Amino acid sequence: MLPDKKGHFGIYGGRYVAETLMPALLELEESYYRYRDDREFQEELNYYLREYVGRETPLYLAERLTQRLGGAKIYLKREDLCHTGAHKINNTLGQIILAKKMGKTRIIAETGAGQHGVATATVAAMFGLECEIYMGVEDIKRQSLNVFRMKLLGAKVQPVSSGTNTLKDAMNEAMRDWVANIHNTFYIIGSVAGPHPYPMMVRDFQSVIGKETKRQILEVEKRLPDHLIACVGGGSNSMGLFYPFKDDKEVEMVGVEAAGLGINTGKHAASILDGSVGVLHGSKTYLLQDKNGQIKHTHSIAAGLDYPGVGPEHSYFHDIGRVKYTSVTDKEALDGFRLLTLSEGIIPALESAHAIAYTMRLAPKLDKEKVIIVNLSGRGDKDMNTVAEVLGVKI
Amino acid sequence: MTRITKVFKELHTNNGKALIPYITAGDPSLELTKKLVFQLEKSGADIIELGVPFSDPMADGPTIQRASERALANNVSLRDVLDLTGEIRLHTEIPIILFGYYNPFFTYGAEKFSRDAKEAGVDGVLIVDLPPEEVDELKVYVDKVGMDIIFLTAPTSNEERIKLITKKAGGFIYYVSVTGVTGARTSLDSHIEEYVAKVKKLTDLPVGVGFGISTPGQAGKVAKWADAVIVGSAIVKIIEENLNSPDMVKKVGQFVKSLKEGIVRSGVKYQDLTPQI
């Protein structure tokens, strides 16, 4: 079972943090192990996942999309129908219940697109805990709607203006806050990234996606799918879908990274495809870095993919070949965005549109009996400003 | 015996305490860093901590973050810091410790770094985000060439962790006096004395205290309890305030001299209170 006792997935993962944080991580790990198999904890989590988030989410056969692409049968795992509009809440709910059990009274989180920030502010409001969200000033500009939502939910949004003013810098600042306020503060990391036990814990909380999917597809198709497709930034929605299928060798899994303006332009966020191994934010993993080990600026039209690293277990899955990683550009993602919107009446998040875009490439090449499942990780409402700008429309 | 250990031995014999100033290499330029190091030594520094700039300095407050950004604006790399150390080493025997984050070291390569650093005259390395659990991948090579790895302990570290740390540590133990990032504080944490005593009970290594010390008075107070006083942000702030001033090096020197005097003054009192047997 991975990770090992010290949080390694092969050579990846681990706990590369300052000593001040080590005791907090050890405490978190211990608490998590105690509660992850605790019936009462699981019942509480399942109750809220059902009654509050609206699980289980449908596995929807996208007939029009299937027809348009003229190949494999395409199912969409509808995480966009989760409360708050994305899969992020599966994890924030798990972590905040853990925080409560640990007696922490204050919640902090980092956010890029603002989806994780909103999902954190939401559960903090529900459980009545103080909440502060760190967000790069660049992202605050791009995602003003989500900033407003977080504020409405009672969270304090802390603008971060250091480095590249985006997600990675927000994470640095959240870590700095955590170091200073360890005694009462719980840090809810939003992806399968960060130091151990976060990659494992977030994976476990998001695995509800894959577990449901497996049950659902076996029910309707009486067999496992041939392909799973999901976008990969930090990699939480893809890990959530993939993990329960990892031992089903017949299922091919594809992680779609953000190629931005094109891998060869250097303006992208494809950490696995174009990165090298390094250490950032507490774990060893593939990173976009220069030859001196400085972290590079990244670019993606999808703010939620705009991160220079990737969860360590993805790096491991890449190396052992269990998951195939590929990429699509901003432009292709927009094509996916339009196709899904017009063919199915579902406006996807730009992140999820990356998975759709790859499906457009793959599905026509496959026989009609083949089954593809795409993780539709979020809905596109948050991206209206970005898309309107690209289309040259003023709203 | 490394230069670090030698300095502590000598100080110990004379009942002195070490002053360890920190500056970021390449802030605002490698040329000035060199001048600053010589000035620091002249002003009473016993060991120098040279920061290796990193794009994501998670344990640093705004002052040292900005220093790192200034150095990176000049593209200062770990290789540059090693070359700089080599040039400094031609003129002085003062121990030099590299202080930084793991990724630039990892990317450079643990084995190559250890070899090149030793050759340049580096005496020790402190990597903030490389705790004892993860250090072995670097330590095998650092040990081979005979440099020290310095570790942090924090107010949150319990006895078990301190033991784990001291088992892997060389040079001295760096006690982070605050639960927080680097940067000047108006007052010192009241538990420093107690904590330093706790660490000293568990190791023969000298114990230095850093994070948040910014005045000669604070330096003097800490010197009563610890073997070394580490001051970073307060010095970097002077550099920052004098980026275009021809007096930058002089002003840093004056401040470091005042820190040293703070330590020496408290040392005299210390001796008065504890008669030598």
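The values are calculated or read from the model by the stated rules, or taken from the named source; none is laboratory data. Just so it is clear, the model here is predicted, and its values are computed rather than measured. In this analysis, Cβ positions are derived from the backbone assuming ideal geometry, glycine residues included, and neighbour counts consider all displayed protein chains.
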Unique match (being surrounded by fewer than 24 Cβ atoms within 10 Å (Cβ to Cβ) and either of a type outside the set (Ser, Thr, Tyr) or more than 11 Å from chain A (Cβ to nearest Cβ) (or both)) among B:Thr166, B:Thr107: B:Thr166
Tally of residues being surrounded by fewer than 16 Cβ atoms within 10 Å (Cβ to Cβ) and either within 12 Å of chain B (Cβ to nearest Cβ) or part of a loop (DSSP other than H, G, I, E, B) (or both) across the range A:143-163: 2
Would you be able to say whether some residue in the range A:363-372 is surrounded by 14 or more Cβ atoms within 10 Å (Cβ to Cβ), under 25 Å from A:Gly71 (Cα atoms) and touching a Phe, Trp or Tyr at 6+ places or on another chain (Cβ under 8 Å)? yes
Over the range A:12-64, the set of residues touching a residue at least 60 places away in the same chain (Cβ under 8 Å), away from chain B (no Cβ under 14 Å) and over 24 Å from the mean Cα position of the chain (by Cα) is A:Arg64
Filtering the range B:135-163 down to residues that are crowded, with 23+ Cβ neighbours inside 10 Å and closer than 17 Å to A:Leu26 by Cβ, which residue is farthest from the other protein chains (Cβ to nearest Cβ)? B:Ile162
Within the range B:1-31, take every residue that is of a type in the set (A, V, I, L, M) and within 18 Å of B:Arg89 (Cβ to Cβ) and give me the one that is nearest to the chain's Cα centre (by Cα). B:Ile20
Kindly provide the set of residues from the range A:308-336 that are of a type outside the set (Gly, Ala, Ser), within 14 Å of another protein chain (Cβ to nearest Cβ) and over 24 Å from B:Asn74 (Cα atoms), ordered by number. A:Pro312
Subset of the range A:291-307 that is facing chain B (nearest Cβ under 9 Å) and not β-branched (Val, Ile, Thr) - its residue that is surrounded by the most Cβ atoms within 10 Å (Cβ to Cβ): A:Gly293
From the options B:Val76, B:Val81, residue that is within 12 Å of chain A (Cβ to nearest Cβ) and part of a loop (DSSP other than H, G, I, E, B): B:Val76
Can you say whether B:Gly212 is touching a residue at least 12 places away in the same chain (Cβ under 8 Å), of a type outside the set (Ser, Thr, Tyr), in a loop (DSSP other than H, G, I, E, B) and out of contact with any Lys or Arg (no Cβ under 9 Å at 6 or more places or on another chain), as far as the supplied structure shows? no
Every residue from the range B:40-73 that is β-branched (Val, Ile, Thr), more than 10 Å from chain A (Cβ to nearest Cβ) and outside any helix (DSSP H, G or I): B:Ile47, B:Ile48
Among the hydroxyl-bearing types (Ser, Thr, Tyr), at pLDDT 95 or above and closer than 22 Å to B:Met58 by Cβ - does that describe any residue in the range B:133-150? no
Across the range A:171-210, what is the total count of residues that are among the small types (Gly, Ala, Ser) and farther than 24 Å from A:Gln158 by Cβ? 2
List the strands (runs of 3 or more DSSP E) inside the range A:164-273, counting only whole elements, that have at least 2 residues being away from chain B (no Cβ under 14 Å) and either buried (at least 20 other Cβ atoms within 10 Å of the Cβ) or among the aliphatic types (A, V, I, L, M) (or both). A:227-231, A:252-260
What are the residues in the range B:67-91 that are surrounded by 16 or more Cβ atoms within 10 Å (Cβ to Cβ), touching a helix residue (DSSP H, G or I) at 6+ places or on another chain (Cβ under 6 Å) and without any contact (Cβ under 8 Å) to a residue 40 or more places away in the chain, if any? B:Leu78, B:Thr85
With the structure loaded, tell me whether B:Val122 is more than 10 Å from chain A (Cβ to nearest Cβ) and over 18 Å from the mean Cα position of the chain (by Cα) or whether it fails that test. no
Test for A:Glu252: is it among the charged types (D, E, K, R), within 25 Å of A:Lys365 (Cβ to Cβ) and under 21 Å from the mean Cα position of the chain (by Cα): yes
Subset of the range B:92-116 (residues that are outside any helix (DSSP H, G or I) and touching a residue at least 24 places away in the same chain (Cβ under 8 Å)): B:Thr92, B:Glu93, B:Ile94, B:Pro95, B:Ile96, B:Ile97, B:Leu98, B:Phe99, B:Gly100, B:Tyr101
Anything in the range B:34-56 that is crowded, with 24+ Cβ neighbours inside 10 Å, within 16 Å of the chain's Cα centre (by Cα) and not hydrophobic (A, V, I, L, M, F, W, C)? List them, or say none. B:Glu49, B:Gly51, B:Pro53
Among the residues of the range B:169-219, which ones are more than 14 Å from every other protein chain (Cβ to nearest Cβ) and among the hydroxyl-bearing types (Ser, Thr, Tyr)? B:Thr186, B:Ser187, B:Ser190, B:Thr203, B:Ser214, B:Thr215
Which of the numbered conditions does A:Pro244 fail, given that it passes all the others? Conditions: (1) touching a residue at least 60 places away in the same chain (Cβ under 8 Å); (2) touching a Ser or Thr at 6+ places or on another chain (Cβ under 6 Å). (1)
